[in-house]
Amino acid sequence: MRTIVKDSFQNQNQMMNLERAKEIAGIAILTLIEKFMNQPTIFLEEKHLHNEFDRIIKDLLLTEQLPTHSKTKDGHDFPIVMNEYTTISKFKKEDSFQMVYEDDGHPGSIDYVMLDENWIQKNTYLTCVNKDEDSRKLTRKLSENPYLVSVEFKFLHFGKEYKSYDELQNSKEIFKETKESRLKKIKKEILEDACKQLHEIVPSPNVVYFNSELPLPEEETLGLLKEIKKTLDAKNLTLWYAQAGVSYRFKTEENFYHLKE
């Protein structure tokens, strides 16, 4: 994997472009998924996934001698990779990020973004920080796009709710009752995070869903991802899914898998 990256990035001191950003983000996501598949029980909350992804992607940039920051128009260093970056658009969460608002609503945030160096360099530090509504309004008016790549994470993690599932005599009944509700929850959350990124017009948006709560059938999960992609009709959107967990709940090899659509 590292050899491929090095071969792809011969001109290591050039500015980060879209293809480089997509490849770096893709490798970082896959590396995180592989870590999760090998050691699912060390990830207890979504913030643990964030922490590991942050380490992975920044290590990749440093290893490949790619820029980690750029200069704003007024001469300040500004990071290219940002966590919990405020959206340019405004939304209402009650409509699941289906609509963009100008007068009403509030900005959301994206778990991780890789910003375009060209955008950083032609804007002030205040604009790049992106916490000021007047600056965001100007960015919207000019139809400027600050992004190269974005990543949203979701985590259906191990909890006490299904401890009765772990008792062999109850497992089939509990699974039958909860499978459909979990698939509906996953669909809703992926759609929300995908819509938010698509409304931001990110060139390469990603939703990465992790599940260590209870195993779901691979065929049905893959079908769900395909259905979402078809519904949104967004060819630039990449959906990822990974499931793994404690051995007494994820009992067979078939329960451990990851998907990309």
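To keep it simple, each residue is scored yes or no on (1) under 20 Å from Glu46 (Cβ atoms); (2) at pLDDT 95 or above; (3) outside any strand (DSSP E or B).
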residue: Phe78; (1), (2), (3): no, yes, no
residue: Glu84; (1), (2), (3): yes, yes, no
residue: Glu94; (1), (2), (3): no, no, yes
residue: Gln98; (1), (2), (3): no, no, yes
residue: Asp104; (1), (2), (3): no, no, yes
residue: Asp111; (1), (2), (3): yes, yes, no
residue: Lys131; (1), (2), (3): no, no, yes
**Report entry** Condition check for Ile42: among the β-branched types (Val, Ile, Thr) and either touching a Gly at 6+ places or on another chain (Cβ under 7 Å) or surrounded by fewer than 18 Cβ atoms within 10 Å (Cβ to Cβ) (or both)
**Finding:** yes
Query raised in the report: Do we find that Ser70 is open to solvent by 20 Å² or more (accessible area, probe 1.4 Å) and not in a loop (DSSP other than H, G, I, E, B) in this structure?
Result: no
Requested in this report: Could you figure out which of (1) surrounded by 15 or more Cβ atoms within 10 Å (Cβ to Cβ); (2) charged (D, E, K, R); (3) at positive phi isn't true of Glu84?
Outcome: (1)
Requested in this report: Please find, within segment 239-255, the residue that is most open to solvent (accessible area, probe 1.4 Å) out of those that are more than 17 Å from Leu44 (Cα to Cα) and outside any strand (DSSP E or B).
Outcome: Glu253
Requested in this report: Within segment 61-78, work out how many residues are under 28 Å from Asp132 (Cα atoms), of a type outside the set (Asp, Glu) and touching a residue at least 12 places away in the same chain (Cβ under 8 Å).
Outcome: 8
**Report entry** Residue satisfying all of: in segment 140-159; more than 18 Å from Pro205 (Cα to Cα) and touching a residue at least 40 places away in the same chain (Cβ under 8 Å); surrounded by the fewest Cβ atoms within 10 Å (Cβ to Cβ) among these
**Finding:** Gly159
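Considering each of Lys47, Lys137, Lys58 in turn, give the residue that is more than 24 Å from Phe256 (Cα to Cα), basic (Lys, Arg), part of a helix (DSSP H, G or I) and free of Cβ contacts under 8 Å to residues at least 12 places away in the same chain.
Being more than 24 Å from Phe256 (Cα to Cα), basic (Lys, Arg), part of a helix (DSSP H, G or I) and free of Cβ contacts under 8 Å to residues at least 12 places away in the same chain holds for just one of Lys47, Lys137, Lys58, which is Lys137.
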Report summary line: Taking segment 179-238 and keeping residues buried (at least 17 other Cβ atoms within 10 Å of the Cβ) and polar (S, T, N, Q) leaves Gln197, Ser204, Asn206, Asn211, Ser212, Thr221, Thr238
Report summary line: Of Asn236, Asn206, the only residue that is among the polar types (S, T, N, Q) and farther than 27 Å from Phe158 by Cα is Asn236
Requested in this report: Any residue in segment 175-204 that's under 17 Å from Thr86 (Cα atoms) and without any contact (Cβ under 8 Å) to a residue 40 or more places away in the chain: show its pairings with residues that are of a type in the set (Val, Ile, Thr) and part of a loop (DSSP other than H, G, I, E, B) at Cβ separation under 8 Å, as long as the two are six or more apart or on different chains.
Outcome: none
Report task. Determine whether segment 52-67 contains at least one residue that is under 16 Å from Trp119 (Cβ atoms), modelled with pLDDT under 95 and open to solvent by 10 Å² or more (accessible area, probe 1.4 Å). Result -> yes
Query raised in the report: When segment 113-129 is examined, which residues are found to be open to solvent by 20 Å² or more (accessible area, probe 1.4 Å) and either aliphatic (A, V, I, L, M) or assigned to a strand (DSSP E or B) (or both)?
Result: Leu126, Val129
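The values are calculated or read from the model by the stated rules, or taken from the named source; none is laboratory data. Everything numeric in this text was worked out from a predicted model, so none of it was measured. All Cβ positions, even for glycine, are placed from backbone atoms using ideal geometry, and neighbour counts span all protein chains on display. These area figures cover heavy atoms from the full protein model, side chains too; ligands, DNA and RNA do not enter into them. Shrake-Rupley method; radii C 1.70, N 1.55, O 1.52, S 1.80 Å.
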